Structure formats: structure tokens, C-alpha cells
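Report on one structure; see the data block that follows.
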Amino acid sequence: PTLARGADLPGGAFGEAMLAALHAGAPGPEAAAGRAALAALHGLDRLLPRNAAGQVQPYAPAPGVDYGPAAEFGRGLATVAQVAKLDPGLTAAAVDLGGWDTHENQAGRLAQRVRVLANGLAALDADLADLPRRWGVVVVSEFGRRLRPNRSGGTDHGRAGTVLAFGGGGRRRFGLGREFGPWPGLAPEALEEGVDLRVATDYRDVFRRVIADLAPGAPAPFG
């Protein structure tokens, strides 16, 4: 997830030629999206700084920013930051962080994943602090965990997950410390089937509110 070799595709020139031929004359929205994606990659590649030999120069984040403690997740976030600075037209990007399926030995594994997540998000926030336009980050878990531990020192798949949101840029920041929905509590009667934290907010509602807040002329953070 870096641009060290330019904005190329897996498979290099051959893979790109195959995709271009596949979408060149095909009708429909899928082919149009494919052509647009290839054009966007070419445009981004032209923006990457290169030396006299044509080699792409390594990305230099803002002073004091270190993505290293976030490992592969950090490298993906650094690429997002680099593209955000190069291309004002960037509207959305996604970076995955796996390893949350903690059916056993959850205590140590979860702490390690949280550190990686926190280090990466802190680096991204610092790196984009001077971005001249507003931006937002939404962190969403694929699924939740059950409240009660299992016999392997872990937790099994649960219903409710976690959503975090923050942002910056321009003259405004998202309002921090606000809950999107009511906290259902951990009392036995508040749980689903006695084991699952109840879903209080649809994560898609969070995305809608963040998108609306980032839109031009939005009245106030999160409505």
C-alpha cells in the first residue's frame, strides 16, 4: 500500500494493459468505473515527485510524524496522507486493519491491535493537520464481540461493534466526545440474549452524517 514504484497496478504494465483492454469498449457502469479508475491512477502517477532518473521519491510526512509503530497499517495510512496532499480531488479512501477475531487469548492480542490502531490514527491526524481542506476519518469494526468471555480466554462474534469518528482541516473540526446513539448499558436486561451488547446506532447513519458534514455549506459538525 505504498507509492514507492508509482501508482501502478498489481501485475505491472501487463496487468494494466489487460484491464484497459477489458474495459476499453465495454458498455455499462462497471466498465465506465474501470476506465475512470485507470485514468485516476495515471493522473496520480504524474503527480508523484521523481528524481532526474525518473524514480519516485519516498514520501516524507510532516515533521515529527512516524507511521512506523503502526506497521503495515501505518504504511497504508501514509499513502492516504500522501494522496490527500497531492490530489485535491480525493474524496474517499479505505485502509483495513485485521487481527480482531479474538476467539482465544484476547487480552494480549486486543491490546496489541489497539496500539497499532491508535498509533496509526495519531500519525495520520498529525500528518494532515495542515491540510487546507476539511477531512474526516471513520473507524468501523466489521463485527462486534460478545460481552462474556469463552473458555479460551477470548470472546466470540457479537452483534454490536464500534464506530469512531474524528477529523480536521480548514477552520473546523468534528465535535469530539459525542455519542451517536444512546448507550444501552451492560445490565443483563440490556443485553441481547444475555450475551450481546445491543446495537444502538446503524453504522451507515454515521457515514451519512459525516458525509453531510463534509459537504460544502454544512451548517454544523454532525448536524
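The values are calculated or read from the model by the stated rules, or taken from the named source; none is laboratory data. The structure presented is a predicted model; accordingly, all values stated were derived computationally and were not measured. Positions of Cβ are generated from backbone atoms using ideal geometry, with glycine treated the same way; all protein chains shown enter the neighbour counts. Accessible surface is based on the protein model in full, side chains and every heavy atom, while ligands, DNA and RNA are left aside. Shrake-Rupley method; radii C 1.70, N 1.55, O 1.52, S 1.80 Å.
Take residue 13 and residue 37, extend 7 Å from each Cα along the Cα→Cβ direction, and tell me the distance between the two endpoints in nm.
Between residue 13 and residue 37, the simple spin-label model gives 2.3 nm.
Kindly report the accessible area of the chain per residue (heavy atoms of protein chains, probe 1.4 Å, no ligands, DNA or RNA), in Å².
Computed with neighbouring chains in place, this is 62 Å² per residue.
Let's see if you can work this out: charge +1 on each Lys and Arg Cβ, -1 on each Asp and Glu Cβ, no other charges. What is the dipole magnitude of the chain about its Cα centre, in debye to the nearest 20?
Result for the chain is approximately 480 debye, rounded to the nearest 20.
Report, to the nearest whole %, how much of the accessible area of the chain belongs to carbon and sulfur atoms, 1.4 Å probe, protein only.
58 percent
If you fit an axis through the alpha-carbon atoms of helix 106-127 and take the longest principal axis of the Cα set of the chain, what angle between them do you get, 0 to 90°, nearest 10?
40 degrees
What angle, in degrees between 0 and 90 and rounded to the nearest 10, separates the Cα long axis of helix 203-214 from the longest principal axis of the Cα atoms of the chain?
50 degrees
For residue 45 and residue 151, what is the calculated FRET efficiency with R₀ set at 35 Å and r taken between the beta-carbons, to the nearest 0.05?
Step by step, r from the Cβ atoms, then E = 0.10.
Cα atoms only: what Rg and Dmax, in Å, come out for the chain?
In order Rg, Dmax, the Cα atoms of the chain give 20.8, 68 Å.
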